[in-house]
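Single-structure report; data block below.
Every number here is computed from the coordinates shown, using simple stated rules; none is lab data. It should be emphasised that the depicted structure is a prediction, and the values quoted were computed from it without experimental measurement. Methodologically, a virtual Cβ is constructed for each residue, glycine included, from the backbone with ideal geometry; neighbour enumeration extends over all protein chains shown.
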Amino acid sequence: NVLILDFGSQYTQLIARRVRELNIFCEIKPYNKLPDDLSAYGAVILSGSPFSVRAEDAPHPDLSKIKGKKPILAICYGAQYLAHFHGGNVAPSNTREYGRARLTTIKNDEPFFYEISESSQVWMSHSDTIKELPTGAVRLASTSDVENAAYRIDGEQTFGIQFHPEVYHTIQGKQVLENFLVHIAGLKQTWTPDAFAETTVNELREKIGNQKVILGLSGGVDSTVAAVLLHKAIGKHLHCIFVNNGLLRKNEFTDVLEQYKGMGLNVKGVDASARFLDALAGEDDPERKRKIIGRVFIEVFDDESHLVEDAQWLGQGTIYPDVIESVSATGGPSATIKSHHNVGGLPDFMKLKVVEPLKMLFKDEVRRVGASLGIADERLGRHPFPGPGLAIRILGDITREKVAILQEVDAIFIDGLREWGLYDKVWQAGAMLLPVNSVGVMGDERTYEKCVALRAVESTDGMTADWVNLPYEFLQKTSNEIINKVPGVNRVVYDISSKPPATIEWE
Ligand code: XMP
């Protein structure tokens, strides 16, 4: 197990993912929350930071419990921090030190640089530089602008590097991490999806015994993988609830319910469409729509969970990015752009104990664990779909007719992506129903009907996204099919905005 101490770098999660790609487990903790018990950690990585070590309010944690005692890899800020407080000197650099650089290893017989080629490309991003190394340090590498690009401290397993091994542009970054973690710290590469599934199932079985767990399925990857793990552990004691909020894709409720049953899950489908759509009637504000859907979902789920007698646990598909405590560089709260999670009051099911089998996994790891559990690729490769569903793709107020129109449009678009082999090249796609009518002509008749916008984006985490350059022929055919087959729609447009400044969903 590796401990990554986060000093607020934008790359911290990337470090964790690179370590996990080496099949080594790791956890991220904020720099000011160093665990008391460090016995589980075979190595520590110090992240970068937007701060300068010389700033008063910069992170200055006490590392005496780890320095010299555990193998340490200090990256960028981390390396400067060790230098600054252990006899070295860190000062503003007078040349630009961002982007590509070439590493000249001075000591290439060192295990740290095993298999690293001469003048390997590395990525720099810092404005301070280490002018003097800390006490007992040996320089291991330089670049043309950075004299002290890598060092180690004699008599310790402490290494400092100014470049970022976690980013893609550091070509041999993964090898550097492997050298440190495997060849120096001696960690075993045993963290595989199969091993994770096996240990997790055993742990869940032990933790839950024959108590009952309730879990809300959404059709998405996370809740599905969480359910399958729990099902393997406790079988029929897992009670899944799949709610139809009336805002799902066309046929999604029945299709997915069938699939779940085929997977042997004990799942109850609850069609609460009317309850959601009635509650939404007349509401046109995006945030209020989300709040209503959140509230009704909780009511429905609460009612259903009371029907499962003696349930003690609530299962959730929470994943690691949801739980990592982030170090805010500004200290201020970030603005709420969209409220994705709204919990009003404390419903009864919240009093259950919570079990979250995926809470240490990144999204791509959830997929790999899902594959090792035998879940169909079709389910694992599904595009993300927002909890409020089509409600936030129907601009303005929601009616049953509008939902039906959008379901048809969406189905033509998504089925088309699949047929053209484009579905897996797109991170997320969907259609928006706009609150405007426009004039058209069909046959000899004037029409005055709805306009839909198609959106397809590429992204890795939904935080930033770019529109996908879908083939013109595909767009042409899809547009024709939508206008010909879906009554009420006479115009189709394609959204070519990136995020930021636009968002993926239109509401
Ligand atoms: P935006 O529109 O913020 O979307 O660029 C980013 C990702 O989040 C999804 N999304 C939501 N998911 N509840 C959800 O569960 C919501 O209220 C919500 N709003 C947006 C969106 O589909 C995209 O994947």
Response to the item:
For the chain, whose charge dipole is built from +1 on Lys and Arg Cβ atoms and -1 on Asp and Glu Cβ atoms, the candidate among GLY440, PHE7, ALA274 with its Cα farthest towards the positive end is PHE7
Worksheet item: Are there any helices in the chain, counted as whole DSSP H runs, that stretch 18 Å or more along their axis by Cα and score at least 1.0 on average by Kyte-Doolittle, and if so which?
Response: 221-234
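Give the relative contact order (percent, whole number) for the stretch 399-494; include only Cα pairs under 8 Å separated by 6+ residues.
On the way: 139 pairs, mean separation 27.8, N = 96.
That works out to 29 percent.
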Worksheet item: Between PHE85, TRP123, LEU133, whose Cα lies farthest towards the positive end of the dipole of the stretch 2-184 when Lys and Arg beta carbons carry +1 and Asp and Glu beta carbons carry -1, centred on the Cα centre?
Response: TRP123
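Is the stretch 2-184 best put as rounded, prolate or oblate by its Cα gyration tensor, with a ≥ b ≥ c the root eigenvalues, rounded for a/c under 1.5, and otherwise prolate when a/b is larger than b/c, oblate when not? Let's see the in-between values first.
On the way: a/c = 1.34, a/b = 1.10, b/c = 1.22.
It is rounded, given that a/c, with a ≥ b ≥ c, falls under 1.5.
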Response to the item:
Relative contact order as a percentage, the chain, C-alpha pairs under 8 Å and 6+ apart, gives 11 percent
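Take every DSSP beta bridge with both residues inside the chain and express the antiparallel ones as a percent of the total, to the nearest 5. Present the calculation step by step, with values, prior to reporting the outcome.
Details: 35 of 75 bridges.
Antiparallel: roughly 45 percent of the beta bridges in the chain.
Rounded to the nearest 20 Debye, what is the dipole magnitude of the chain about its Cα centre when Lys and Arg each give +1 and Asp and Glu each give -1 at the C-beta? Before the final figure, lay out the partial values.
Values: 55 positive and 67 negative charges, 87 e Å.
Around 420 debye, computed over the chain.
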Response to the item:
Taking alpha-carbon centroids only, the stretch 449-488 lies from the stretch 1-27 a number of Å equal to 36 Å
Discussion item. Taking the Cα centre as origin and putting +1 on Lys and Arg beta-carbons and -1 on Asp and Glu beta-carbons, what dipole magnitude results for the stretch 390-434, to the nearest 20 debye?
Written reply: 100 debye
Worksheet item: Along the stretch 166-179, what does the Karplus equation 6.51 cos²θ - 1.76 cosθ + 1.60 (θ = phi - 60°) give for ³J(HN,Hα), rounded to whole Hz, x for Gly and Pro?
Response: 7, 8, 4, 6, 8, 4, 9, x, 5, 5, 4, 5, 5, 4
Discussion item. Sort 391-403, 271-283 by the packing proxy (mean of other Cβ within 10 Å over each peptide's residues), most packed first.
Written reply: 391-403, 271-283
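Tell me, rounded to the nearest percent, the portion of alpha carbon pairs in the chain spaced more than 34 Å apart. Before the final figure, lay out the partial values.
Values: 61547 of 128271 pairs.
Considering the chain, 48 percent of its Cα-Cα pairs are separated by more than 34 Å.
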Discussion item. Between ASP284 and ALA376, what is 0.36 nm times their sequence separation minus the Cα-Cα distance? Round to one decimal in nm.
Written reply: 29.4 nm
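In percent, how large is the relative contact order of the stretch 166-246, given Cα pairs closer than 8 Å and 6 or more residues apart? Don't jump to the answer; show the numbers that get you there.
On the way: 58 pairs, mean separation 21.0, N = 81.
Answer for the stretch 166-246 is 26 percent.
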Worksheet item: Arranged by the count of other C-beta atoms within 10 angstrom, fewest first, what order do ASP348, ASP145, ASP36 take?
Response: ASP36, ASP348, ASP145
Item to complete: First measure r as the distance between the Cβ atoms of GLU481 and LYS261, then evaluate 1/(1 + (r/R0)^6) with R0 = 35 Å and state the FRET efficiency to the nearest 0.05.
Response: 0.65
Discussion item. Given the options VAL369, THR192, VAL44, identify the residue whose Cα lies farthest towards the positive end of the charge dipole of the chain (+1 on Cβ of Lys, Arg; -1 on Cβ of Asp, Glu).
Written reply: VAL44
Worksheet item: Each residue of the stretch 55-61 in order: what ³J(HN,Hα) in whole Hz does its phi give by Karplus 6.51 cos²θ - 1.76 cosθ + 1.60, θ = phi - 60°, with x for Gly and Pro?
Response: 6, 4, 8, 6, x, 10, x
Practice prompt. Output the peptides 224-231, 162-169, 113-120 sorted from most to least packed, where packing is the average of other Cβ atoms within 10 Å over each peptide's residues.
Written response: 224-231, 162-169, 113-120
Fill in: GLY88 long-range amide H proximity, modeled H, under 5 Å
THR135
Worksheet item: Residue by residue through the stretch 421-437, which ³J(HN,Hα) values in whole Hz follow from phi under the Karplus form 6.51 cos²θ - 1.76 cosθ + 1.60 (θ = phi - 60°), with glycine and proline marked x?
Response: x, 9, 3, 6, 8, 10, 7, 7, 9, x, 10, 10, 9, 8, x, 10, 9
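With r defined as the distance between the Cβ atoms of GLU299 and GLU203 and R0 fixed at 41 Å, what FRET efficiency is calculated, to the nearest 0.05? Please report the intermediate quantities before stating the final value.
Working: r = 32 Å, r/R0 = 0.79.
After rounding, the FRET efficiency stands at 0.80.
Please list 59-68, 436-445, 74-83 highest first by mean number of surrounding beta-carbon atoms within 10 Å per residue.
Details: 59-68: 16.0, 436-445: 9.9, 74-83: 27.7.
Result, highest mean first: 74-83, 59-68, 436-445.
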Worksheet item: Which links in LYS212/LYS232; LYS207/LYS353; LYS261/LYS359 stretch past 23 Å when you go from one Cα to the other?
Response: LYS261/LYS359
Discussion item. With +1 on the Cβ of every Lys and Arg and -1 on the Cβ of every Asp and Glu, and nothing else charged, how large is the dipole of the stretch 2-184 about its Cα centre, in debye rounded to the nearest 20?
Written reply: 160 debye
Worksheet item: Using alpha carbon centroids, what distance separates the stretch 97-149 and the stretch 169-214, in Å?
Response: 30 Å
